[in-house]
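The values are calculated or read from the model by the stated rules, or taken from the named source; none is laboratory data. Computed from a predicted structure; not experimentally measured. Cβ placement follows ideal geometry from the backbone for every residue including glycine, while neighbour counts extend to all protein chains displayed. For the accessible areas, the whole protein counts, side chains as well, though only heavy atoms, and no ligand, DNA or RNA atoms are used. Shrake-Rupley method; radii C 1.70, N 1.55, O 1.52, S 1.80 Å.
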Amino acid sequence: MNRVDRRQVVKALAAFSALSWAAARGAQPSGGPRLLLLGTQGGPNFNIHRGETASAVLLDDRIYMVDCGYGALGALVRANLNYRAVDHVFLTHLHDDHAADLVALLSHQWTGGRVTPTVVHGPAGTRRLVDAANRYNQVNEEIRLVDEARTVRVAQMFRSHEVKSTPAPTLVLRDADITVHAVQNTHYPQATLRRVPHRSIALRFDARGRSIVFSGDTAYSTSLVELARGADVLVCEAMHVAATRRSFDERVAAGAYADNPEGIWKHIVDTHTPLDVAGRMAREAGVGTLVLNHIIPGGWNPELDDDFYRREAAREFAGRIIVGRDGMLIEDLQ
């Protein structure tokens, strides 16, 4: 077997293994939450290999969206999920790679005939974002109210809930047997926080004895570690710094980031989570499984295999590590 063939086989086996853990280790107890990764690319860099960040916590017939980057609506359809059934969307912060498909999701919910409200939860600024989505839909609404005799108005359908961003856990939602808490993470440096009201949050979902934590975009965060304490799964963003710099320089050479490349690089390297730091936070929190998500460079360089990302995180975390892929369903939460 030559080197190319061997590499292809290893990749195929790794993908099969990741998608088959539930069967191999025993499926999640009946009725427990499941984790679906819809988009796993880090940064506003959608590509043919990975969509922008979006995930879903699935519980019975309920779909709780976490972030809604570009490609999220199509990913729901590919997963054979009814996007009209999404009652709650949680935004960890309001960068476009986490919210670009929100307008598409909401507008298609309305056009598709949803008649009960959808609530968008997120930090300061979420109200303005949802109001803007409603304004976007007004022209569509004006036409369809007349020629389709509809009666449900867009403004009735889509509501916002701005989450208080604090170092200690804040209750975001209690919905039947699922609860969601949030803490402020460290995606925005203090100099930025002093100038703008915007914040970034991490989220924890607890349901039926299982727990899933989403880091959001963040640097090392003691609040995130405490939020994730004892959780079954930590879904954490992950960046290989050296590989990201190489990919970044290639993109700059091709004309990207022309306004201020080094300012953008400083944001990338200072406010995101290197792989070993993701492993460190998982170890300190005592979680069962670390899922690497919002992967950088990710699709910028499709030749980087899963072991490339897993290796650095494993320096700090000895538990199970899953490298996220678009469409991956994780049922065995431990």
Open item on the list: Quick check on segment 128-160: of everything there that is touching a residue at least 12 places away in the same chain (Cβ under 8 Å) and of a type in the set (Lys, Arg), which residue is nearest to Val89 (Cα to Cα)?
Closed with: Arg159
Task: Pick from segment 16-47, criterion open to solvent by 20 Å² or more (accessible area, probe 1.4 Å) and closer than 20 Å to His240 by Cα, ranking: modelled with the lowest pLDDT - done: Phe46
Task: Count - residues of segment 91-116 that are assigned to a loop (DSSP other than H, G, I, E, B), open to solvent by 50 Å² or more (accessible area, probe 1.4 Å) and of a type outside the set (A, V, I, L, M) - done: 2
Task: segment 44-70 residues that are closer than 17 Å to Tyr83 by Cα, paired with ones that are surrounded by fewer than 17 Cβ atoms within 10 Å (Cβ to Cβ) and at pLDDT 95 or above (beta carbon under 6 Å, 6 or more apart) - done: Ile63/Ala85
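Quick check, is Gly230 on the phi > 0 side of the Ramachandran plot and either open to solvent by 20 Å² or more (accessible area, probe 1.4 Å) or at pLDDT below 95 (or both)? Quick ask: steps written out before the conclusion?
Numbers: on the phi > 0 side of the Ramachandran plot: yes; either open to solvent by 20 Å² or more (accessible area, probe 1.4 Å) or at pLDDT below 95 (or both): yes.
Yes.
Yes or no: Arg315 surrounded by fewer than 21 Cβ atoms within 10 Å (Cβ to Cβ) and either in contact (Cβ under 8 Å) with a residue 24 or more places away in the chain or assigned to a loop (DSSP other than H, G, I, E, B) (or both)?
Working: surrounded by fewer than 21 Cβ atoms within 10 Å (Cβ to Cβ): yes; either in contact (Cβ under 8 Å) with a residue 24 or more places away in the chain or assigned to a loop (DSSP other than H, G, I, E, B) (or both): yes.
Taking the combined requirement at face value, the residue satisfies it.
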Task: Unique match (being touching a Ser or Thr at 6+ places or on another chain (Cβ under 8 Å), open to solvent by less than 30 Å² (accessible area, probe 1.4 Å) and in a loop (DSSP other than H, G, I, E, B)) among Thr218, Thr186 - done: Thr218
- [ ] Considering each residue of segment 29-43, count those that are in a loop (DSSP other than H, G, I, E, B) and over 18 Å from Pro302 (Cβ atoms), and give that number.
- [x] 5
